[in-house]
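We did not get these values from a lab; they are worked out from the coordinates using the rules stated. These figures come from a predicted structure and were not determined experimentally. For neighbour counting, all protein chains shown are included, and Cβ atoms are generated from backbone atoms with ideal geometry for every residue, glycine included.
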Amino acid sequence: MRQVAHIPVFNNKLYDECPGRWIPAPFGPLDPRLGTCQKNTDCQTCKQNLTDCVGHFGYVDLALPVFHVGFFRLTIQMLQCICKVMRKYFFVIFMQIFVSM
């Protein structure tokens with residue numbers, strides 16, 4: 001994801017606090033480098049307007065791994081198939097679990 005992303009997103013503010021103006025915060029979810037969110041401004045990455053710019057990726061560094069809830073049961077079952085002594089993957093056991101689902 002980092003290879004296709006343009007910037008890291010680590011600021012949790014949507015806008016900078018400027019009196020009377022709404023300016024998207026840098027390195028936030030509405031950063032102009034990720035695509036424009038206003039009709040009268042252009043994207044800072046591709047220089048296109050709101051209708052022509054498809055948007056650009058950003059990434060968030062997470063402190064811990066996050067598993068998809070839909071695959072959590074299968075992930076646990078796969079991890080239980082790892083032999084802690086031999087350090088080899090038991091494909092036969094995994095296939096039995098996978099087929100029985």
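Points to keep in mind about this one:
- Taking a point 7 Å from the Cα of F10 along the Cα-to-Cβ direction, the residues of region 27-63 with backbone N closer than 19 Å to it are 27-34, 57-63.
- Residue-wise HN-Hα couplings along region 50-62, as the Karplus relation 6.51 cos²θ - 1.76 cosθ + 1.60 with θ = phi - 60° gives them from phi, are 4, 7, 9, 7, 8, x, 9, 7, x, 9, 10, 7, 9 Hz; Gly and Pro carry x.
- The residues neighbouring V60, those whose beta-carbon lies less than 14 Å from its own, together hold a net charge of -1 under the Lys/Arg +1, Asp/Glu -1 convention.
- Under-5 Å amide H pairs with Y59, H placed in peptide plane, nonlocal only: I7, V9
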